[in-house]
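The values are calculated or read from the model by the stated rules, or taken from the named source; none is laboratory data. This is a predicted model, so every value here is computed, not measured. Neighbour counts run over all protein chains shown; Cβ positions are idealised from the backbone, glycine included.
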Amino acid sequence: MQSLRLLPRRVGTAVGRIRVSAPPVPSLGPASLRCSGAATSRLAVRNSFRSLGSSFFHTVSALQQSSETEQTAGPLWKTPRTMPMEKYEYLSDVWKDGIFDNKVVFCTGGAGSICSAQVRAMVHLGANACIIGRNVAKTENMAKDIATARKGAKVLGLGAVDVRKPEAVVAAAERCAKELGSIDFVIAGAAGNFLATIDQISSNALKSVMDIDVLGSYNTLKATLPYLVESAKKYKVDGKTRPKAGTGGRIIFVSATLHYSGTPLQSHVSIAKAGVDAMSVSVAIEQGPKGITSNVIAPGPIADTEGMARLATDDSRKETPRLIPSQRMGYVKEIADATIYLFSDAGNFVNGDTIVVDGGQWHTQSIDKGAFRYPDFLLSGETVTGVAGMKKSKSKL
Ligand SMILES: NC(=O)c1ccc[n+]([C@@H]2O[C@H](COP(=O)([O-])OP(=O)(O)OC[C@H]3O[C@@H](n4cnc5c(N)ncnc54)[C@H](OP(=O)(O)O)[C@@H]3O)[C@@H](O)[C@H]2O)c1
């Protein structure tokens with residue numbers, strides 16, 4: 001039961017456009033990703049989760065509420081902004097300006113909270129960029145906004161591109177390479193999510209998530225791989241010689257930690273992200289000999305993202321940090337920093353791996369059971385009492 005408190009911070013990106021149940025549960029908004037799950041009323045949802053704890057129910061309720069207001073609630077990262085973002089909001093000071101000069105990054109979901117920061121960081125450090133998404137205005141506005149990160153930066157915002165459609169992604173990659181000259185780095189970040197139990201979603205619902213997360217990432221990989229291979233050939237690194245013109249030929253898949261130890265209400269995304277992780281390893285194995293690196297970044301709960309805004313209540317957002325060893329949620333900047341590490345000369349020998357950026361969260365999934373409240377008990381200095389397995393006071397152990 002206690003581990004259910006972890007749910008809100010486990011959410012991946014938010015879609016909130018999925019119908020997981022029949023009326024009277026409110027519609028979850030325009031169904032670009034519509035699923036006809038088992039008929040479930042709000043009351044039935046409440047009853048079925050009552051035994052699992054109140055915080056569990058809050059997350060379901062929150063999704064219903066947020067979806068009801070979806071049309072009026074604006075995105076957290078509104079664009080265009082009136083002032084350019086402060087550099088430290090999306091990038092640490094440790095990186096050298098110009099390390100991605102004359103390079104191009106292609107990013108799906110690049111108008112989203114996390115991926116826009118990853119791209120913004122790349123652009124600040126010299127890259128030009130192409131971001132793709134379905135929403136035309138949102139994608140174009142974000143492209144303009146990201147371009148403010150560096151004078152002279154070129155950022156293409158290609159809307160009306162659905163990663164589920166291979167031909168659309170191929171066309172976007174072609175346009176990116178034609179207008180910007182190459183594709184040296186790829187971030188596969190577009191994803192969809194909603195909260196529901198496995199019995200509440202139909203195979204169509206699962207298919208929609210698989211289509212966006214797994215097939216979408218696959219389509220992105222396939223569309224960009226020829227350019228990545230070309231770039232890897234051009235910007236070879238051997239780890240010993242300082243690369244004169246920097247790095248290239250690298251891909252990052254944005255995944256999650258949900259499936260590491262299992263997360264209720266997130267079976268669909270867990271299944272999909274496990275597939276994404278496996279894909280990245282396969283790419284590393286097969287394409288590594290051509291100079292490609294393929295890695296996964298698995299964010300934990302990231303503050304001020306659409307995912308957290310849509311799928312967590314205020315209460316659960318407050319509760320979330322307690323069970324994270326670092327005692328806080330992450331920031332988009334921290335995902336951007338991991339991205340720069342992997343794409344730069346610093347990440348040359350990292351291939352087929354996963355960088356988890358979650359403050360240690362996934363390790364603590366089941367630690368909050370019973371009386372030894374985390375981290376209060378640890379910080380109190382008390383010893384365990386009242387259980388058979390406690391340490392004896394005179395023990396020499
Ligand atoms: N937020 C978190 O705390 C968290 C935690 C763990 C993992 N993650 C992962 O991090 C990534 C980004 O999450 P986020 O919270 O930043 O999400 P977000 O702000 O909602 O961004 C997701 C982006 O994906 C695009 N997208 C969705 N479906 C698409 C499709 N079919 N075709 C093309 N683009 C599509 C969306 O743009 P359009 O609507 O315009 O298509 C949106 O800009 C995701 O992979 C997510 O699973 C996030």
### Message
When the residues of the stretch 271-292 are narrowed to those that are without any contact (Cβ under 8 Å) to a residue 60 or more places away in the chain and of a type outside the set (Asp, Glu), which ends up nearest to Leu323 (Cα to Cα)?
### Response
Ala274
### Task
Filter the helices (runs of 4 or more DSSP H) completely within the stretch 264-374 down to those with at least 3 residues that are of a type outside the set (Val, Ile, Thr) and at pLDDT 95 or above.
267-287, 332-343
### Query
Does the stretch 124-138 hold any residues that are outside any loop (DSSP other than H, G, I, E, B), within 13 Å of the ligand (Cβ to nearest atom) and surrounded by fewer than 24 Cβ atoms within 10 Å (Cβ to Cβ), and which are they?
Val136, Ala137, Lys138
### Task
For Asn219, indicate whether it is free of Cβ contacts under 8 Å to residues at least 60 places away in the same chain, in contact with a Leu (Cβ under 6 Å, 6 or more places away or on another chain) and either surrounded by 19 or more Cβ atoms within 10 Å (Cβ to Cβ) or not hydroxyl-bearing (Ser, Thr, Tyr) (or both).
no
### Message
Suppose we filter Lys207, Lys165, Lys154 for residues that are charged (D, E, K, R) and closer than 25 Å to Ala336 by Cα; which single one remains?
### Response
Lys154
### Task
Please find, among Ser267, Ser294, the residue that is touching a helix residue (DSSP H, G or I) at 6+ places or on another chain (Cβ under 6 Å) and more than 28 Å from Glu230 (Cα to Cα).
Ser267
### Task
Could you tell me which residue of the stretch 170-186 is farthest from the ligand (Cβ to nearest atom), considering only residues that are under 22 Å from the mean Cα position of the chain (by Cα) and of a type in the set (Val, Ile, Thr)?
Ile183
### Task
From Thr197, Thr241, grab the single residue that is surrounded by fewer than 24 Cβ atoms within 10 Å (Cβ to Cβ) and either of a type in the set (Asp, Glu) or free of Cβ contacts under 8 Å to residues at least 40 places away in the same chain (or both).
Thr241
### Query
In the stretch 171-185, is there at least one residue being in contact with a Ser or Thr (Cβ under 6 Å, 6 or more places away or on another chain), assigned to a helix (DSSP H, G or I) and of a type outside the set (Phe, Trp, Tyr)?
yes
### Query
If you check Thr224, Thr220, which single one turns out to be in contact with a strand residue (DSSP E or B) (Cβ under 7 Å, 6 or more places away or on another chain), part of a helix (DSSP H, G or I), of a type outside the set (A, V, I, L, M) and within 13 Å of the ligand (Cβ to nearest atom)?
Thr220
### Message
Taking the criterion of being within 12 Å of the ligand (Cβ to nearest atom) and at pLDDT 95 or above, would at least one residue in the stretch 94-107 satisfy it?
### Response
yes
### Query
So which residues in the stretch 139-169 are surrounded by fewer than 24 Cβ atoms within 10 Å (Cβ to Cβ), away from the ligand (no atom under 14 Å from the Cβ) and not in a loop (DSSP other than H, G, I, E, B)?
Lys144, Ala147, Leu156
